[in-house]
Amino acid sequence: MGETVMAGYVLITDNLDPVCIKILEENGYTTEVRVGASHSELLELARGAQAWIVRSGTRITEELVEGAPKLQVIGRAGVGVDNIDVEAATRRGVLVINAPDGNTISTAEHTCAMIMAAVRRIPQASASVKEGLWDRKSFKGAEVYEKTIGIIGVGKIGQAVAQRMRPFGVRLLGYDPVLSGEVADRLGISLVSMDELFAESDIITVHTPLTDSTRGLINTDTIKRCRDGIYIVNCARGGIVDEKDLYEALESGKVAGAALDVYSSEPPESELRGLLEHPRVVATPHIAASTGEAQTKVARQVTEQVVQSLKGQPVSAAVNALAIRMAGRREVRPYVRLSEILGRIAAQLFEGHVDRVSIRVFGSTPAAHLDVLSVAALKGMFSVLVTGPVNLVNAPVLADETGLGVEELTLSSGEGYTNLIEVQLDSGSSARRVAGTLFGEDDIRLVRIDDFALEVRPLGYMLIYENIDRPGVLAGVGGVLANAGINIAAMALGRRGKGEQALTVIDLDDDIPQDVLEHVNRVDGVQNARLIRV
């Protein structure tokens, strides 16, 4: 055991597996366990904390981070770090560590169990027997053998589900925007489009993050595209399945059964009772990751990483390690932000499966930090496309795991700009390219989309559409936005020539509801209108 430099104690403020304290004590660390402490008590406790380990129950705010002068590392026994102000920790140089792999197996096993439970109606049959009944006819189920299972989101958990369901003799379909064909082949998964997955699956299980693009992904429209008698399973995030639409599809018989572990509100609100009590629904209280083994794994993983960090040793699950390294380099931070924004925009513009990402830079500062800017672009892209938290540490790992090709190049010309960063996403049949520059430390400009040169600040909401360069198109779009009460903040136009194909980017002060976006698409001359959230 290496020498331990004691600067305080390790603070634990959520219930953790006993292995956590055992590991700390074996390494000579004093622990202060205060589960359920008030905010004022946490302020006092934080002053002496050298490290702080939590689950999801404690919210570590900027105030708590700033009030902890000895704090070196925060450990989150789990995946998400939404309850930790990572930005505040980064500014202070406090390492934030999580346990990204600890609950993969538990969640995958629960998903498989939910599939079987829904198809064979096991919970309903069990409840019937416990009530003293012997009603075999009411619980006629189906075999999963030779059925087609569609997996939406083939990340770590989706892959683990595929590995476990394949021996049942099923056909596996997968939709994932970045999984390589090589990895899919190894798992026995046929990569298909979302439309093909909906049309051909007998069972659909979702394993995506809850984002603007996946909210309500399973809805009346997508269910209509499915086979009659489809089964729907959600052990990922509440809100991906539109619960009202699912209930109506169950009532009509279009959906044969559903299995839900997560909900749009937790605990579920009263209006969900009809769905939860439906005779063909299996419902569990967000317990997919709640196994003794999973809790032991995440506690062990995060505690071992905390100990390594306190001893000055390298760690593998740091959320903000690279960010901390860059935080002291004022000249690089704006380019990191620009690269991330370009990755986010490119991912939202791209349609289909991404095979390769190219990051190209021009200028002395970007060129000197190409590796870091490449990671930032990947972070921006993956934050749109994949399940789970994405950060500057795990973005390259995600690229490697999915078999994504990553190309880093230095440009010979900056197209008239002193510094330029370009991100391009490619598949076998399509490509999207975006480029940006800095006019000042905080003045980010988007200067190219595909072959269209333009100049606009990428703000919170951007409406982007193709159009014929002729009078009246912009007025038509502006009228739709005005009628919806949406204000235009700025606008840029790129065109190939007078009266030819053009591309318009409009910065907006507010989000656009889906029905308003559809109305924009119906404006004469407008094509492929979409909302980009920066």
Residue satisfying all of: in the stretch 373-403; under 19 Å from V361 (Cα atoms) and open to solvent by 10 Å² or more (accessible area, probe 1.4 Å); nearest to the chain's Cα centre (by Cα) among these: K379
Only residues that are surrounded by fewer than 23 Cβ atoms within 10 Å (Cβ to Cβ) and at pLDDT 90 or above: list them for the stretch 361-372, please. F362
Restricting the search to the stretch 215-237, which residues are free of Cβ contacts under 8 Å to residues at least 40 places away in the same chain, in a loop (DSSP other than H, G, I, E, B) and either within 21 Å of Q159 (Cα to Cα) or more than 18 Å from the chain's Cα centre (by Cα) (or both)? N219, R225, C226, R227, D228, G229, R237
Could you give me the residue pairs with C-beta distances under 6 Å whose first residue belongs to the stretch 1-25 and is more than 9 Å from I53 (Cβ to Cβ) and of a type in the set (K, R), whose second residue is at pLDDT below 90 and outside any loop (DSSP other than H, G, I, E, B) wherever it lies, and which are 6+ apart or on separate chains? none
Pick from the stretch 72-97, criterion modelled with pLDDT of 90 or more, farther than 11 Å from Q305 by Cα and not charged (D, E, K, R), ranking: least open to solvent (accessible area, probe 1.4 Å): I84
May I ask you to say which residue of A294, A258, A318 is crowded, with 20+ Cβ neighbours inside 10 Å, under 22 Å from the mean Cα position of the chain (by Cα) and closer than 19 Å to T111 by Cβ? A294
Please list, ordered by residue number, the helices (runs of 4 or more DSSP H) wholly in the stretch 1-101 having 1 or more residues that are closer than 23 Å to P314 by Cα. 19-26, 62-66, 86-92
If you take the residues of the stretch 479-492 that are open to solvent by less than 50 Å² (accessible area, probe 1.4 Å) and in a loop (DSSP other than H, G, I, E, B), which of them is farthest from D509 (Cα to Cα)? A484
With respect to P279, determine if the residue is open to solvent by 20 Å² or more (accessible area, probe 1.4 Å), without any contact (Cβ under 8 Å) to a residue 24 or more places away in the chain and either farther than 20 Å from A162 by Cβ or under 23 Å from the mean Cα position of the chain (by Cα) (or both). no
Tally, over the stretch 415-459, of residues that are aromatic (F, W, Y) and either closer than 24 Å to G403 by Cα or outside any loop (DSSP other than H, G, I, E, B) (or both): 2
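Here is a yes/no grid of residues against (1) open to solvent by 10 Å² or more (accessible area, probe 1.4 Å); (2) of a type in the set (G, A, S); (3) modelled with pLDDT of 95 or more:
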residue: E3; (1), (2), (3): yes, no, no
residue: L11; (1), (2), (3): no, no, yes
residue: D14; (1), (2), (3): yes, no, no
residue: E25; (1), (2), (3): yes, no, no
residue: G28; (1), (2), (3): yes, yes, no
residue: A49; (1), (2), (3): no, yes, yes
residue: V54; (1), (2), (3): no, no, yes
Residues (touching a residue at least 24 places away in the same chain (Cβ under 8 Å) and of a type in the set (S, T, N, Q)) located in the stretch 163-202: Q163, S180, S193, S201
Whether any residue in the stretch 117-140 is among the polar types (S, T, N, Q) and either within 21 Å of V390 (Cβ to Cβ) or under 31 Å from the mean Cα position of the chain (by Cα) (or both) is what I want to check. no
Given the criteria of a type outside the set (G, A, S), within 16 Å of V319 (Cα to Cα) and not in a loop (DSSP other than H, G, I, E, B), does L373 qualify? no
Among the residues in the stretch 465-478, are any surrounded by 15 or more Cβ atoms within 10 Å (Cβ to Cβ), among the aliphatic types (A, V, I, L, M) and in contact (Cβ under 8 Å) with a residue 60 or more places away in the chain? no
Would you please list the contacts, defined by Cβ atoms under 6 Å and residues six or more apart or on different chains, that run from a residue in the stretch 128-143 that is surrounded by 11 or more Cβ atoms within 10 Å (Cβ to Cβ) to a residue that is in a loop (DSSP other than H, G, I, E, B)? S128/D135; F139/R121; G141/R121
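The values are calculated or read from the model by the stated rules, or taken from the named source; none is laboratory data. Computed from a predicted model, the values in this text were never measured in an experiment. So basically every Cβ, Gly included, is an ideal-geometry build from the backbone, and we count neighbours across all protein chains shown. We work out accessible area using only protein heavy atoms, side chains counted, and drop any ligands, DNA or RNA first. Shrake-Rupley method; radii C 1.70, N 1.55, O 1.52, S 1.80 Å.
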